[in-house]
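Have a look at the structure below before the remarks.
The values are calculated or read from the model by the stated rules, or taken from the named source; none is laboratory data. The shown structure was predicted, so the numbers you read here are calculated from the model rather than taken from an experiment. Cβ: placed from backbone, ideal geometry, glycine included. Neighbour counts: every protein chain shown.
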Amino acid sequence: IITTEEENTMFNFEDYVAEKVNQVNDALDDAVPVNYPKTIYEAMKYSLMAGGKRIRPLLCIAACEAVGGHQSAAMPAACAVEMIHTMSLIQDDLPCMDNDDLRRGKPTNHKVCVCKHSLNPLAGDGLFVLAIEQMATATPGVAPNKVLAAVRELAKAGGVEGLVGGQAEDLRYTGSNQTVKLETLENIHLRKTAVLFEASVVMGAIFGGGSDEQVEKLRIFARKIGLLFQVVDDILDVTQSSEELGKTAGKDLAVDKTTYPKLLGLEKAMEFAEKLNGEATAQLTDFDRKKVAPLVALADYIARRHN
Ligand code: GRG
């Protein structure tokens, strides 16, 4: 009999991530050829292949495997979700939004792909539509109702109930003196982050052949770890800012953002993170322990990450 502890040590998370990230990167590279006109394909590829942790594709693949599917069934959806995510980052960085110079450690799309006609919104649009095409054409043998259900999940996550609505709400408060309530903060994080985590996991589970009950459990799991991702981000903002403060003599790096630690206090924010992690992994108890190990490890990584 193998104990849980032994089972956990048998699963090497670093190796798993390295292998899957390579496979996802290869699939993304293949999905975006460089055709005519080169400028737009190159602009799309620049941001898509600029690095990134690939958490959403990893979640999609791990959910597919958790219900007994093979990763090849989830790969088109894994690529599609990364395309939508990258597209949202390109838009988020634009001068009319956050006006950022760096993304994924490299100059942002609009800093690099500058030409007479601004290609940046088009690069995002290209990735967005390509994501839908991926879902619709690269899923041979999958029942049409499953493809439809998955496309619906992705569209919902990208739209006003997800990224678009979350960003709009976030922008409403940016630069204003209005106090952001806890409820509002949670709503923004759910829409901007958790809903795309949810779509990633749900699509993986659908393409892996999961039952309705499994899909719904995984949906709750993903929503919780999506929110957890943001709570941890906020905690890191505080803890890493105070480390920086020591080095940079008084420069507060997170001064104007409403965060969980600001609203709850650091200790309560940490407790909330632990609670979310516990509630998320509780959804996985009825799954095959070995098959679900990557999802458990991903949740743990999200809870304990340092960057
Ligand atoms: C999708 C139609 C459509 C529009 C997009 C601009 C916009 C609307 C939404 C912005 C959403 C946004 C920037 C959310 C932040 C999400 C987030 C947690 C980003 C960081 O994710 P990581 O850490 O990044 O996974 P990497 O680079 O590792 O992939």
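Points to keep in mind about this one:
- K257, sole failed condition from (1) within 19 Å of T184 (Cβ to Cβ); (2) within 15 Å of the ligand (Cβ to nearest atom); (3) at pLDDT 85 or above: (3)
- Top-ranked residue of the range 37-68 - restricted to ones that are assigned to a loop (DSSP other than H, G, I, E, B) and touching a residue at least 60 places away in the same chain (Cβ under 8 Å), ranked as farthest from the ligand (Cβ to nearest atom): G68
- Any hit, the range 274-290, residues being in a loop (DSSP other than H, G, I, E, B), of a type in the set (A, V, I, L, M) and modelled with pLDDT of 95 or more: yes
- When residues of the range 158-174 are limited to those that are assigned to a helix (DSSP H, G or I) and within 17 Å of the chain's Cα centre (by Cα), the one farthest from the ligand (Cβ to nearest atom): G165
- Every condition in (1) closer than 16 Å to D26 by Cβ; (2) surrounded by fewer than 24 Cβ atoms within 10 Å (Cβ to Cβ); (3) more than 8 Å from the ligand (Cβ to nearest atom) holds for C79 except the one numbered (2).
- Matching residues, the range 69-89, being among the small types (G, A, S) and outside any helix (DSSP H, G or I): G69
- Restricting L119, L171, L190 to residues that are within 20 Å of M87 (Cα to Cα) and out of contact with any helix residue (DSSP H, G or I) (no Cβ under 9 Å at 6 or more places or on another chain) narrows the list to L171.
- Restricted to the range 175-205, and to residues there that are closer than 26 Å to A138 by Cα and without any contact (Cβ under 8 Å) to a residue 60 or more places away in the chain, the residue that is nearest to the ligand (Cβ to nearest atom) is T193.
- Candidate set: the range 206-226, residues that are surrounded by fewer than 22 Cβ atoms within 10 Å (Cβ to Cβ) and aliphatic (A, V, I, L, M); chosen: the one farthest from the ligand (Cβ to nearest atom): V215
- Among the residues of this structure, D125 counts as one that is over 16 Å from the mean Cα position of the chain (by Cα) and surrounded by fewer than 20 Cβ atoms within 10 Å (Cβ to Cβ).
- Counted residues, the range 175-201 - those being in a helix (DSSP H, G or I) and among the basic types (K, R): 2
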